[in-house]
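Have a look at the structure below before the remarks.
No lab work stands behind these numbers, since they all come straight from the coordinates. Model, not experiment: these values are computed from the prediction. When we count neighbours, we look across all protein chains shown, and the Cβ atoms used for this are built from the backbone with ideal geometry, even at glycine.
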Ligand SMILES: O=C(O)CCC(=O)C(=O)O
């Protein structure tokens, strides 16, 4: 977690762009009713059925979103981790994530890699808080160190959520932490980190901006959703050997 990663004036611009996008409700959108997570409306036609969960393709929505996604600071962090040139995925995360007080659902324990398809399970996401994020308004919970743990498939349910009803899993989940985030804070987390998020019990919508990156040597598998959108190569800062 990096407090104050995004300078206040930039957070202000990101928030203005967010409100405009949220008001315009331009496609591509993902609705709570599409996901059917606990607390979500059961269909698009019942109360709350038009509640947006994610405004997809944040990168393409507004230059402010593209700028932070490819900023030198993010590049620096990602290149330090991957040790090579870095690509931004437009197929995964790349969204403005919302959580609504009334119809925003909770998200069970999972690893993001569950539906992603790359040569190696080695991607990193960055989550920017655009306002305060606390346990009360549905902030993220993480299990520290879980990105390196090996779990058998039966520790997860059919939808690849980590089964909180198993005693062995529950013992691990008791070590989870929910970092309190302020506007402009960033959290970097690995695609194998177990995480979850609660419902929003406040009276305001929570907004966050989320992007995912991988190293150049870790390609998306051809023919999968991970390879379905052209990626964005971050201009490299990394000095590769011999160059
Ligand atoms: O905000 C949430 O409910 C969690 C989002 C999340 O973990 C995800 O989309 O992978």
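Of note:
- With the largest listed first and rounded to whole Å, the semi-axes of the equivalent ellipsoid of the stretch 75-155 from the Cα gyration tensor are 24, 19, 13.
- The slack between residue 166 and residue 2, meaning 0.36 nm per residue of separation minus the straight C-alpha distance, is 55.8 nm.
- Relative contact order of the chain, taken over Cα pairs closer than 8 Å and 6 or more residues apart, is 32 percent.
- By the helix-only formula, in which each DSSP H run with n ≥ 4 contributes -39500 (n - 2.57) and the sum is divided by residues, the chain has a 222 nm mean residue ellipticity of -5500 deg cm²/dmol.
- Mean-position separation - Cα centroids, the stretch 32-103 and the stretch 138-203, in angstrom: 18
- Scoring 200-208, 167-175 by mean Cβ neighbours within 10 Å over their residues and listing the highest first yields 200-208, 167-175.
- Contact order relative to length of the stretch 1-87, as percent, for alpha carbon pairs under 8 angstrom and 6 or more apart: 22
- The equivalent ellipsoid of the stretch 110-243 has semi-axes of 27, 22, 14 Å, largest first, where each one is the square root of 5 times an eigenvalue of the Cα gyration tensor.
- Between residue 157 and residue 46, the contour length at 0.36 nm per residue exceeds the Cα-Cα span by 37.2 nm.
- In a fully extended conformation the segment linking residue 222 and residue 36 would gain 64.1 nm over its present Cα-Cα distance, using 0.36 nm per residue.
- Compactness index (Cα Rg / 2.2 N^0.38 Å), the stretch 1-77: 1.34
- For the chain, the spread of Cα coordinates along the three principal axes comes to 59, 44, 36 Å, biggest extent given first.
- Taken over the alpha carbons of the stretch 150-189 as equal point scatterers, the Debye sum produces base-10 log I(q)/I(0) values at 0.32 Å⁻¹ of -1.10.
- Taking 53, 90, 25, 19 and counting other C-beta atoms within 10 Å, the order from fewest to most: 25, 19, 90, 53
- Sorting the segments 126-133, 7-14 by their residues' average number of neighbouring beta-carbon atoms within 10 angstrom, most packed first, yields 126-133, 7-14.
- Packing rank of 186-198, 152-164, where each peptide gets the mean count of other beta carbons within 10 Å, highest leading: 186-198, 152-164
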